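First comes the structure, then the notes that go with it.
The values are calculated or read from the model by the stated rules, or taken from the named source; none is laboratory data. Because the structure is predicted, anything quoted here is derived from the model rather than measured. Quick reminder, even Gly has a Cβ in these numbers, built from the backbone with ideal geometry, and neighbours come from all protein chains shown.
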Amino acid sequence: MNQTLTNLLINYAPILLLIAVGWFFGRRNEQKHLNMLAREEARFAYITVSNERFYQPPLTANTEGTLVLGSVVIAQDYFKMAIAKLLNFFGKNLTTYETLLERARREALLRLRQEAAEQGCDAVYGLRFEVTTLNPMGTMVEAIAYGTAVKSAPR
């Protein structure tokens, strides 16, 4: 019995160790990315973003709308996808896909705000999102955010 347990540990310990290391570093990198997103979102929070088609505040003289676009492709790690497949088998909520889509939308919106700021605009109207799965397994998604950037008149 002791010999069998030793053989199991020798055979499966490296695999379990690699899974644990992959999970640890993947989680750490994801957390760093989410923290960076939060900092950048706070930096560009002054840019008003709305899905309304018409401008609410008055615009500055000679302001023309310009198209701004934020695009990102994000891949999910395979460890989370394996967990998602297991949860799907039992009919559970696929939170790994939800977090993937949420990260993609946040990053696309951040890039849209950055482009609006580079053009000197402080509002984006007519915001639209497009999200596309890039591979059959669903581990990669592309999110595109686009809208019309304008400069509002000072109040």
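Data table
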| quantity | calculated |
| --- | --- |
| Residue within segment 67-79 that is out of contact with any helix residue (DSSP H, G or I) (no Cβ under 7 Å at 6 or more places or on another chain), at pLDDT 80 or above and not hydrophobic (A, V, I, L, M, F, W, C) present | no |
| Search result, residues across segment 35-64 that are under 30 Å from THR133 (Cα atoms) and either of a type in the set (Lys, Arg) or part of a loop (DSSP other than H, G, I, E, B) (or both) | ARG39, ARG43, PHE44, ALA45, ILE47, SER50, ASN51, GLU52, ARG53 |
| Selection status of ALA108, in contact with a strand residue (DSSP E or B) (Cβ under 9 Å, 6 or more places away or on another chain), more than 21 Å from LEU59 (Cβ to Cβ), at pLDDT 90 or above and in a helix (DSSP H, G or I) | yes |
| Qualifying residue in segment 72-86 (condition: more than 26 Å from LEU18 (Cα to Cα) and in a strand (DSSP E or B)) | yes |
| Where LEU67 falls short, out of the listed (1) out of contact with any Ser or Thr (no Cβ under 9 Å at 6 or more places or on another chain); (2) loosely packed, with under 13 Cβ neighbours inside 10 Å | (1) |
| Matching residues in segment 120-137 - criterion: being farther than 14 Å from TYR46 by Cα and without any contact (Cβ under 8 Å) to a residue 60 or more places away in the chain | PHE129, GLU130, VAL131, THR132, THR133, ASN135, PRO136, MET137 |
| Per-region count, segment 92-139, residues farther than 18 Å from VAL150 by Cα and not aromatic (Phe, Trp, Tyr) | 26 |
| Matching residues, segment 77-100, being closer than 22 Å to GLU41 by Cβ and surrounded by fewer than 17 Cβ atoms within 10 Å (Cβ to Cβ) | THR95, GLU98, THR99 |
| Among the residues listed as ARG43, ARG39, ARG106, ARG53, the single one being crowded, with 16+ Cβ neighbours inside 10 Å and either out of contact with any Lys or Arg (no Cβ under 6 Å at 6 or more places or on another chain) or within 30 Å of PRO154 (Cα to Cα) (or both) | ARG106 |
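Residue-by-condition table, conditions (1) of a type in the set (Asp, Glu); (2) crowded, with 16+ Cβ neighbours inside 10 Å; (3) in contact with a Lys or Arg (Cβ under 8 Å, 6 or more places away or on another chain); (4) under 18 Å from LEU34 (Cβ atoms):
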position: ALA75; (1), (2), (3), (4): no, no, no, yes
position: ARG111; (1), (2), (3), (4): no, yes, no, yes
position: TYR125; (1), (2), (3), (4): no, yes, yes, no
position: LEU134; (1), (2), (3), (4): no, no, no, no
position: VAL150; (1), (2), (3), (4): no, yes, no, no
